[in-house]
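The structure appears right after this line, and notes come after that.
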Amino acid sequence: MNDIMDSDLEKIIITTAPTVANKEIDYEIDIITAECVFGMNIFRDLFAGIRDIFGGRSVASQKILRDSRQTCLRELKIEAHELGADAIIGVDLDYQEFSGKGKGMLFLVASGTAVKLRG
């Protein structure tokens, strides 16, 4: 997994659409998923709660969401690369928060269909 070059991953097209613009799908390879779990630091949770009370944006929470999305999509591309796919179509991101005993976790699942493009 660590031997994959970033340049190889950049070549993999990723889209929420059911097709790739200006490309023809040769065949579908498989449904793929990537799961990521991130701990939400208690201090970030506290400051996010304060922001919720007084209004404004929670930059810390937005950063966690952005980082989790980027990490999960990269792992999805790694999965596609290992299958020899050129693209991932129909990508869906599902977020879930788990909390209890003073700890919060953000769970993100990215899924899509790995495909081989024609030509």
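The values are calculated or read from the model by the stated rules, or taken from the named source; none is laboratory data. What you see is a predicted model; the values in this text were computed from it and never measured. We place every Cβ from the backbone using ideal geometry, glycine too, and count neighbours over all the protein chains shown.
Output yes when any residue across the stretch 92-103 is over 14 Å from the mean Cα position of the chain (by Cα), modelled with pLDDT under 95, of a type in the set (A, V, I, L, M, F, W, C) and in a helix (DSSP H, G or I), and no when none is. Within the stretch 92-103, not a single residue is over 14 Å from the mean Cα position of the chain (by Cα), modelled with pLDDT under 95, of a type in the set (A, V, I, L, M, F, W, C) and in a helix (DSSP H, G or I). Just name the residue that is modelled with the lowest pLDDT out of those in the stretch 34-76 that are in a strand (DSSP E or B) and under 9 Å from the mean Cα position of the chain (by Cα). Result: Cys36. The set of residues in the stretch 8-43 being among the polar types (S, T, N, Q) and either closer than 14 Å to Ala87 by Cα or touching a residue at least 24 places away in the same chain (Cβ under 8 Å) (or both) consists of Thr15, Thr16, Thr19, Asn22, Thr33. Evaluated against (1) more than 22 Å from the chain's Cα centre (by Cα); (2) at pLDDT below 95; (3) surrounded by fewer than 17 Cβ atoms within 10 Å (Cβ to Cβ), Arg118 falls short on exactly one condition, (2).
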